[in-house]
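Data first, discussion second: the structure below is written as structure tokens.
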Amino acid sequence: MNEALPSVAVATVLLALGLWMMLPRGTTTWRGVGALTTLAALCIFAWLSSHLDPSEEAWLGDAVFFTLAGVTVIAAVCTVTFSNPGYSAIWFGLSLLGTAGLFLFQGAQFLGVATIVVYAGAILVTFLFVLMLAQPKGESAYDRLSWGAGLAALSGAVVVGILVLSILGIFQNPDVASRPRAPFELPELKTEILADQHVAHLGAQLFSKYLVAVEVAGTLLLVALVGAVAIAERIKKPDRGGQSHG
Amino acid sequence: MSIDWQSLMVPLIVPVVKIAVLLFALMTAAAYLVLLERWIAAWVQDRLGPNRVGIPLTKIKMFGLGQPLADGLKFIFKEEYTPAHVDKALYILAPVVILSAALAIFAVIPFGDVLPIEVPGVEGPIAMVEAPGVDVGMIYVFAMSSIAVYGVILGGWASNNKYSFLGGLRSSAQLIAYEIPLGLGILGVVLAAGSLRLEEIINGQAASGQWNAFSQPLGLMVFLIASFAEAARLPFDLPECEQELIGGYHTEYAGMKLLLFLIAEFLHMVVAAFLIVILFFGGWHFWGMEVGPDVTVTWPMAIVRIAVLLAKVMAVIVFFMLVRWSWPRFRFDQLMNLAWKVMLPLGIVNLIAVACVVEFAHVRELEGGVASPWIAVGVGWVVALVAWFLAGRYAPLHTDNRPRLEVLRAPDFEPETALARQREAALR
């Protein structure tokens with residue numbers, strides 16, 4: 001065993017506990033304590049993963065990274081713990097902006113901007129649209145409660161813990177001390193995409209090496225579109241005297 | 001842990017100066033564009049318009065050039081009233097979001113070509129863009145304008161007012177719908193230029209001397225109409241139409257917060273004008289100018305380029321303002337029909353035509369020949385005319401307000417049964 005495992009376990013338990021206290025369960029008594037506990041757990045995780053790159057010259061980049069990552073993670077926690085769905089959606093938007101910032105910080109311009117266009121610009125706006133349509137008269141109590149809060153918090157925290165463990169490389173190499181300092185060697189492919197003419201390289205990769213995946217994804221979306229049209233058509237009966245100009 | 005502050009600071013100064021100049025110019029421009037809009041409105045409606053306010057405390061009138069200052073002061077000194085029934089955090093957040101998104105768009109928009117200034121620590125001449133070399137410039141513009149939707153939606157939702165709410169709903173539906181024709185119009189240009197960088201798109205048009213407006217007239221039409229809708233200018237100003245919704249999503253706003261919304265709207269129009277000029281009218285290019293990658297830009301050349309670009313942008317803005325007083329507002333179903341049943345197919349037709357032309361040129365290049373640039377122009381105009389004719393002939397009558405005679409004259413038609421059927425359908 002190694003020294004990272006107990007800290008990951010402690011942080012996971014803390015995270016589960018904190019999330020459980022923060023989730024909307026009909027009482028707000030423990031929210032402050034929950035926030036502190038969650039923050040402590042997140043700090044432990046951050047401290048563990050900051051061991052990945054201990055070089056001191058990169059402190060400015062580290063500062064930017066941890067600011068962006070902090071915004072992303074805290075906004076994500078707020079997304080699940082706010083009882084007002086409108087606020088949850090806004091926090092989700094902030095989390096997406098943080099993710100896009102992380103992508104930009106790594107030089108993946110297209111991914112960063114596409115995250116904003118697709119998720120923040122289209123999907124989340126649709127969420128807000130539905131939220132506005134669904135509750136014009138205020139919120140119902142049963143919508144503002146978290147169902148199965150304990151299990152939800154626990155499973156979320158366990159997933160985060162396992163992810164951190166795998167990022168630390170413990171599954172491959174249990175001995176932390178002998179682990180190489182920089183575990184992420186940039187593969188050739190990635191540097192090629194990140195070069196100048198970034199979008200052109202990305203497009204070339206997508207439409208040559210990953211062509212099948214792109215086509216399958218496109219077909220899936222087309223099927224969803226056809227399904228949506230079919231469902232909408234079944235509901236809408238033709239009315240001859242109606243207002244439709246179509 | 002020693003940091004070379006000097007090498008860190010010098011490259012920082014250039015963007016900071018650029019941002020400061022740009023912010024100042026944009027805010028002033030927005031104020032004076034309001035004055036211009038009022039002058040044009042007065043001219044169209046045969047009035048005098050604002051012509052009194054000049055230098056304060058004197059009798060000098062200066063054609064009313066002091067009006068924006070007076071307007072600004074009035075906004076600042078207005079009572080900042082926050083109604084008790086609003087969701088306060090989101091109510092304050094909404095104008096901030098919309099203005100910062102509108103300003104952030106300008107980070108990738110070139111205001112000219114380059115300035116021949118030598119700055120130690122910075123390579124080459126200074127590009128007239130806040131963020132030069134962003135490889136995804138066009139998508140970035142798209143992303144930031146989709147963030148601006150949040151300001152509208154949040155303003156409408158947080159105001160807790162039915163008029164605001166309807167305005168927010170309308171605007172989110174409208175902006176999502178028109179993003180698609182807007183994107184299709186952009187895609188044609190991007191395909192022809194082979195790059196998402198706005199600077200590259202201008203350079204491509206300057207090199208061939210052939211603006212995209214000539215080779216892609218259909219794309220220009222689609223993009224122009226979609227950008228009117230995205231900027232919520234008059235034929236499409238459903239989100240805030242005064243006669244129906246008081247003020248739409250900013251009904252409950254007053255003072256500086258309202259001003260932030262209004263400035264953001266004006267900035268959206270300015271962005272739309274810049275994009276139209278850059279994508280379709282050659283940016284800073286005009287025939288007779290020296291162009292090419294090996295031409296060193298001198299000061300007079302740089303200034304002429306900036307002047308040409310801004311003159312074109314100004315012309316487009318005046319066009320926007322004239323359209324405002326020339327066209328009545330659409331109804332909402334007409335707006336949606338226009339987006340999905342006319343603009344979307346036209347945009348796809350344009351994209352396919354451009355793709356064919358580009359592929360043809362590519363094949364010619366592989367064979368060793370050169371495709372004449374006039375082929376693109378010819379194909380573009382033929383496709384545009386045919387598609388426009390077909391759309392006008394066969395598209396649904398989205399602008400027709402007359403009663404549908406074939407429905408009224410149908411043998412089994414009775415108004416009461418039709419109403420009952422409608423009600424039944426609604427209940428189902």
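Bear in mind that the values in this text are calculations on the coordinates, not laboratory data. What you see is a predicted model, and the numbers here were worked out from it, not measured in a lab. Neighbour counts are summed over all protein chains in view; Cβ atoms, including those assigned to glycine, are modelled from backbone coordinates with ideal geometry.
Could you work out which residue, out of B:I55, B:I105, B:I276, moves most in a Gaussian network model of chain B, that is, has the largest mean-square fluctuation with Cα springs under 10 Å?
B:I55
Compute the distance from the alpha-carbon center of region B:63-94 to that of region A:83-99, in whole Å.
One Cα centre to the other: 27 Å.
Please work out the FRET efficiency for the pair B:Y394 and B:A25, using the Cβ-Cβ distance as r and a Förster radius of 45 Å; give the result to the nearest 0.05. Spell out each step's value before the answer.
Values: r = 46 Å, r/R0 = 1.03.
Plugging the Cβ-Cβ distance into 1/(1 + (r/R0)^6) gives 0.45.
Can you give the average number of partner chain beta-carbon atoms within 10 Å of each beta-carbon in peptide B:150-159, as a whole number? Present the calculation step by step, with values, prior to reporting the outcome.
Working: counts 8, 0, 1, 9, 5, 0, 2, 7, 1, 0.
The per-residue average across the peptide is 3.
Could you derive backbone 3J(HN,Hα) for region B:200-213 from the dihedral phi with the Karplus parameters 6.51, -1.76 and 1.60 (θ = phi - 60°), listing whole Hz in sequence and x where the residue is Gly or Pro?
Calculated HN-Hα couplings, in order: 5, 4, 5, 4, x, 5, 5, 5, 8, x, 10, 6, 5, 4 Hz.
Listed highest first by mean packing, meaning other Cβ atoms within 10 Å per residue, what order do B:167-173, B:346-352, B:32-38 come in? Don't jump to the answer; show the numbers that get you there.
Working: B:167-173: 24.0, B:346-352: 21.6, B:32-38: 18.1.
Ranking the peptides B:167-173, B:346-352, B:32-38 by packing returns B:167-173, B:346-352, B:32-38.
Beyond 32 Å between alpha-carbons counts as too far, so tell me which of B:K78/B:K162; B:K18/B:K74; B:K61/B:K312; B:K18/B:K312; B:K18/B:K88; B:K162/B:K341 fall in that bin. Walk me through the numbers on the way to the answer.
On the way: B:K78/B:K162 24 Å; B:K18/B:K74 29 Å; B:K61/B:K312 29 Å; B:K18/B:K312 22 Å; B:K18/B:K88 34 Å; B:K162/B:K341 30 Å.
Flagged as over cut-off: B:K18/B:K88.
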